[in-house]
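To start, the structure under review is shown below, and the notes come after it.
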Amino acid sequence: MERDKLLKQIMAADFAMHETALFLDTHPSCRRALEYYGKMRAKREELAAAYRRQYGPLTYYEVEGSAWSWTDSPWPWQNKREG
């Protein structure tokens, strides 16, 4: 349950960053939007770091070490019973 909650929070931060980036494409000097983007980016990194510590990498870009651990855990969309 905690894993699902963390993934939903990461997705919400991703969505907020994406939408803010689209706004900034047409309003690049909007200070409030830039600050909000920075806040969401920091929040997303904090959440992603917590996820990595508990469950492993979210993307293959985050795999570290000498073993390819990307496929060790169930995929986020897999039912826990399929695991």
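The values are calculated or read from the model by the stated rules, or taken from the named source; none is laboratory data. Owing to the predicted nature of the structure, the values given are computational and were not obtained by experimental measurement. Backbone-built Cβ (ideal geometry, glycine too); neighbour counts: all protein chains shown.
For the stretch 24-36, a residue qualifies if it is surrounded by 14 or more Cβ atoms within 10 Å (Cβ to Cβ) and part of a helix (DSSP H, G or I), and the qualifying residues are 24, 33, 34, 36. Here the condition is being within 13 Å of the chain's Cα centre (by Cα), farther than 21 Å from residue 2 by Cβ and modelled with pLDDT of 75 or more; of 36, 61, it holds for 61 alone.
Tallying residues that are touching a helix residue (DSSP H, G or I) at 6+ places or on another chain (Cβ under 6 Å) and of a type in the set (Val, Ile, Thr) within the stretch 20-36 yields 1. With respect to the conditions (1) more than 26 Å from residue 78 (Cβ to Cβ); (2) touching an Asp or Glu at 6+ places or on another chain (Cβ under 8 Å), residue 30 falls short on a single one, namely (2). Can you name the number of the only condition in (1) at pLDDT below 80; (2) part of a helix (DSSP H, G or I) that residue 79 fails? Going through the list (1) at pLDDT below 80; (2) part of a helix (DSSP H, G or I), residue 79 breaks only (2).
Residues are listed down the side, and each one gets a yes or a no for (1) touching a helix residue (DSSP H, G or I) at 6+ places or on another chain (Cβ under 9 Å); (2) touching a residue at least 24 places away in the same chain (Cβ under 8 Å); (3) not in a helix (DSSP H, G or I):
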{"residue": "9", "(1), (2), (3)": "yes, yes, no"}
{"residue": "18", "(1), (2), (3)": "no, no, no"}
{"residue": "38", "(1), (2), (3)": "no, no, no"}
{"residue": "73", "(1), (2), (3)": "yes, no, yes"}
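Of (1) surrounded by fewer than 14 Cβ atoms within 10 Å (Cβ to Cβ); (2) part of a helix (DSSP H, G or I), residue 50 satisfies all except one. Which? Going through (1) surrounded by fewer than 14 Cβ atoms within 10 Å (Cβ to Cβ); (2) part of a helix (DSSP H, G or I) one by one, residue 50 breaks only (1).
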